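Working notes, structure below.
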Amino acid sequence: MDNKDIIILAVESSCDETAAAVVKNGREVLSNVISSQIATHSLYGGVVPEIASRQHIKAIDWVIDAALDEAGVKKEDIDAVAVTYGPGLVGALLVGLSEAKALAFALDKPLVPVHHIEGHIAANYIQRKDWEPPFICEVISGGHTHIVHIKDYSDFEILGHTRDDAAGEAYDKVARVLGLPYPGGPRIDALAKEGDPEAVLFPRVVLESDTYDFSFSGLKSAVLNYVNKAEMKGEEYNRADIAASFQQAVVDVLVEKAVRACNERGLKKLALAGGVSANSHLREEMLSACNKEGIELCVPDLVLCTDNAAMIGSAGYYEYIKGNIADMSLNAYPGLKLGER
């Protein structure tokens, strides 16, 4: 492949954000447009899949047009269309996938399939233009908690994953118990700043000494039991203290496993990815631990932590130059695992 600039139009619709972006050479974001559905789904306390799909249908055309306009790029000038094809909500995925396939077909451009989690990892390449493999990446979101050895741009080794609830899922469930609105993660992060992280000793589940796996179900249950017992006895409890104590229990485990993975693999580079990596306390604690261990830390800006299409455009670039092109039979795979094709 020659040295000409590669312009990728990327589409992301795996959950409740309809997003499109134009990315040059995998690192330079020319536009990144996101239509959020948070206000709609907050009425129901969480994402309603059918509503999400309908909202994607309403937003997808204008989001793509806005991304192209903002980038100053015509449809005919793009080199490929990249799209998330899994994991995610199947109906939501199909909206973005159908749109991307139609564009690729009409423009006679290559269609590049992108794994949603690979997109989150690639957000670090946008954040730091000089950031390259190998490194350890901790992916933390509502549906996933992974520790991954990034050996090359498309060569991943999963070192650990959650055996039950993902960290973000635990945040949302605990937020619901505390009466906090959706989305729960940012609400707990904000409330925890007012509380004492040592007020309640919630469990830190580390599992076997040699594993990088996670388990947050027991912690979630411990918080639920604490609140239920207090309410049954008519006792008052401090929501801020509970939020801070819960958050500290999550962060302690996330930090310990990520730093240990770096040290045991002999890597001095660590990246965070996914929605929970936007958590302010996690960022502070991880940076402190990395500084002590001499580990370089990369954390994407907040807009790159949550679902967006710029990260899909970055990951799509590396898939494109590798020759990973799909035909029009490409389908959505809601349960797609990292490393699967």
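The values are calculated or read from the model by the stated rules, or taken from the named source; none is laboratory data. A quick note: this is a predicted structure, and the numbers were derived from the prediction, not measured. Glycine also receives a Cβ, built like all others from the backbone with ideal geometry; neighbour counts cover every protein chain displayed.
Key figures for this structure:
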| item | result |
| --- | --- |
| Selection status of ALA10, surrounded by 17 or more Cβ atoms within 10 Å (Cβ to Cβ), over 22 Å from the mean Cα position of the chain (by Cα) and within 21 Å of GLU319 (Cβ to Cβ) | no |
| Checking ASP210 against (1) part of a loop (DSSP other than H, G, I, E, B); (2) of a type in the set (D, E, K, R); (3) touching a helix residue (DSSP H, G or I) at 6+ places or on another chain (Cβ under 7 Å), the condition it does not meet | (3) |
| Failed item in (1) closer than 21 Å to TYR153 by Cβ; (2) touching a helix residue (DSSP H, G or I) at 6+ places or on another chain (Cβ under 9 Å); (3) outside any helix (DSSP H, G or I), with GLU340 passing the rest | (2) |
| Matching residues, region 213-241, being under 23 Å from the mean Cα position of the chain (by Cα) and farther than 11 Å from ARG163 by Cβ | LEU219, LYS220 |
| The listed residue being farther than 17 Å from GLU12 by Cβ and not assigned by TED's automatic domain parsing to the domain that holds ILE242, out of LYS109, LYS173 | LYS109 |
| Any hit, region 277-287, residues being touching a Cys at 6+ places or on another chain (Cβ under 7 Å) and either within 16 Å of PRO186 (Cα to Cα) or crowded, with 24+ Cβ neighbours inside 10 Å (or both) | yes |
| Strands (runs of 3 or more DSSP E) contained in region 1-120 and holding at least 1 residues in contact (Cβ under 8 Å) with a residue 60 or more places away in the chain, in contact with a strand residue (DSSP E or B) (Cβ under 8 Å, 6 or more places away or on another chain) and over 18 Å from VAL303 (Cβ atoms) | 7-12, 80-86, 111-115 |
